[in-house]
Amino acid sequence: QLGLEGEEHELFFETFSHLALSKTYNTNQQTPDSAGTMTAITTGVKTKAGLISVNQNTTRGDCDSQKGNELTTSLELAEIIGMSTGVVTTARLTHATPAATYAHSMDRNFEDDRDASKFSNPGDCPDIARQLIEFPDRFQDDYPWVNGLEVALGGGRRNFIERIEGIDPEDGGRGERTDGRDLTAEWTSQYQNAQYVWNKSQFDAISPNHVDHLLGLFDMSHMAYELDRETDAGKEPSLSDMTKTAIDILDNNPKGFLLHVEAGRIDHAHHATNPKRALQDTVEFA
């Protein structure tokens, strides 16, 4: 569009006054996965592939081995000192990268309670979707002012709603939860001035000055690629739309905020050898 070859062009985030590179890998393999790398980024500690913000002493899939090996994340530290926090992603909110900011799990695939059958010892460890909703409970004894993420926007609706045919408002499908819980309803009931939205029209109607906690789940699994977003059945906000609204809400806190933003589908497009969709999502990310 700019008439340039490409190599001499700069993406917007390349022009920031402060930039950093993070070199990381799993403790058990050189080619890493998102669970181990995001754990390293958000906690400062490298760990095994497949683990979510727990250290390498944890055995993947074994709940008992997780206990006592949880790592403190930057998002948790932000909450403890009174800042507002948020996660925005085009992947499922329970996917490895966003999950590592707020959850601790012996397996990245423990996204809802139905996943327990996949593991050697799921024990009584909570699934990742539950941990997003129950985030404040972990801190009530030592830091009672921690009230959980103020903003969580992305995909992964199926992990928060019941496994009942026709329950999904977008495609009439069923969720994944078998514990009888509707975590979207729990989100709105546990906070004052809380909202849950699942499509673009609901999202566009949000008034940032009147919402203290916002949960948006715009797809049963990952959100649409930017190239396909306009044809999505329920319509979805763009990554930049979600980021702007998140900042407008989080910026109401005079103590500041920490916001994690992920263009998660760039990675998925590369996995699928789909450069056009990878590029379009990169442009949107910029």
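The values are calculated or read from the model by the stated rules, or taken from the named source; none is laboratory data. Remember, it's a predicted structure, so these values are computed and weren't measured experimentally. Backbone-built Cβ (ideal geometry, glycine too); neighbour counts: all protein chains shown. Heads up: the accessible areas ignore ligands, DNA and RNA and are worked out on the full protein's heavy atoms, side chains in. Shrake-Rupley method; radii C 1.70, N 1.55, O 1.52, S 1.80 Å.
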(message) Output wanted: per-residue J couplings in Hz (rounded whole) for the stretch 52-61, from phi through Karplus 6.51 cos²θ - 1.76 cosθ + 1.60, θ = phi - 60°, x for Gly and Pro.
(response) 10, 6, 10, 7, 6, 6, 7, 8, 4, x
(request) Return the long-range amide H neighbours of LEU93 (sequence gap of 5 or more, or a different chain), with a cut-off of under 5 Å between placed amide H atoms. (result) GLY155, GLY156
(request) Enumerate the calculated ³J(HN,Hα) couplings along the stretch 31-40 in order (Karplus 6.51 cos²θ - 1.76 cosθ + 1.60, θ = phi - 60°), each rounded to whole Hz, writing x wherever the residue is Gly or Pro. (result) 7, x, 10, 5, 5, x, 6, 5, 4, 5
(request) Could you work out the relative contact order of the stretch 7-136, using alpha carbon pairs under 8 angstrom and six or more residues apart, expressed as a whole percent? (result) 22 percent
(message) Counting only Cα atoms, I'd like the Rg/Rh figure for the stretch 47-170, Kirkwood definition for Rh.
(response) 0.96
(request) Could you work out the equivalent-ellipsoid semi-axes for the chain, taking the square root of 5 times each eigenvalue of the Cα gyration tensor, largest first, in whole Å? (result) 27, 24, 21
(request) Quantify, in whole percent, the carbon and sulfur part of the accessible surface of the stretch 127-223 (1.4 Å probe; protein heavy atoms only). (result) 42 percent
(request) Please list, in chain and number order, the residues 5+ apart from THR85 or on another chain whose amide H is under 5 Å from its amide H, with Hs placed from the backbone. (result) GLU150, VAL151, LEU258
(request) Report the longest stretch of the chain that contains none of the GluC sites (Glu not before Pro) sitting in a DSSP loop with at most 13 other Cβ atoms within 10 Å. (result) 11-164
(request) Quick one: plug the Kirkwood hydrodynamic radius of the stretch 75-147 (C-alpha pairs) into Stokes-Einstein at 25 °C, 0.890 mPa s, and report D in µm²/s. (result) 188 µm²/s
(request) Once you've got the GNM for the chain with C-alpha springs shorter than 10 Å, pick whichever of GLY166, GLY61, GLY264 has the biggest mean-square fluctuation. (result) GLY166
(request) Counting only chymotrypsin sites (Phe, Trp or Tyr not before Pro) that are in a DSSP loop and have at most 12 other C-beta atoms within 10 Å, tell me the longest site-free stretch of the chain. (result) 146-286
(request) Choose one of ASN274, GLN29, HIS104: the residue whose Cα lies farthest towards the positive end of the charge dipole of the chain (beta-carbon charges +1 Lys, Arg; -1 Asp, Glu; about the Cα centre). (result) GLN29
(request) Evaluate the charge dipole of the stretch 94-217 about its Cα centre and quote only its size in Debye, nearest 20, assuming +1 on the Cβ of each Lys and Arg and -1 on the Cβ of each Asp and Glu. (result) 260 debye
(request) Among THR59, THR31, THR15, determine the one that fluctuates most according to a GNM of the chain built with springs between C-alpha atoms less than 10 Å apart. (result) THR15
(request) Note down the relative contact order for the chain as a percent, whole number, built from C-alpha pairs under 8 angstrom at least six residues apart. (result) 17 percent
(message) Rounded to two decimal places and with Rh computed the Kirkwood way over Cα pairs, what is Rg over Rh for the stretch 1-116?
(response) 1.07
(request) Divide the volume of the convex hull of the Cα atoms of the stretch 166-286 by its number of residues and quote the answer in cubic angstrom per residue. (result) 131 Å³
(message) Treating the stretch 109-178 as a set of equal point scatterers at the Cα positions, no solvent, please give the Debye-formula log₁₀ I(q)/I(0) at q = 0.18 Å⁻¹.
(response) -0.80
(request) Quick one: what are the phi-derived ³J(HN,Hα) couplings along the stretch 20-25, Karplus 6.51/-1.76/1.60 with θ = phi - 60°, whole Hz, x for glycine and proline? (result) 9, 10, 10, 9, 8, 6
(request) For the chain, set up a Gaussian network in which alpha carbons nearer than 10 Å are linked by springs, and say which option among THR231, THR101, THR243 fluctuates the most. (result) THR231
(request) Just need log10 I(q)/I(0) for the stretch 40-99 at q = 0.19, 0.26 Å⁻¹, Debye formula, equal scatterers on the alpha-carbon atoms, no solvent, rounded to two decimals. (result) -0.78, -1.14
(request) Treating only the Cβ atoms of Lys and Arg (+1) and Asp and Glu (-1) as charged, compute the dipole magnitude of the chain about its Cα centre; round to the nearest 20 debye. (result) 520 debye
(message) Leaving out ligands and nucleic acids, and using a 1.4 Å probe, what accessible area per residue does the stretch 105-169 come to in Å²?
(response) 41 Å²
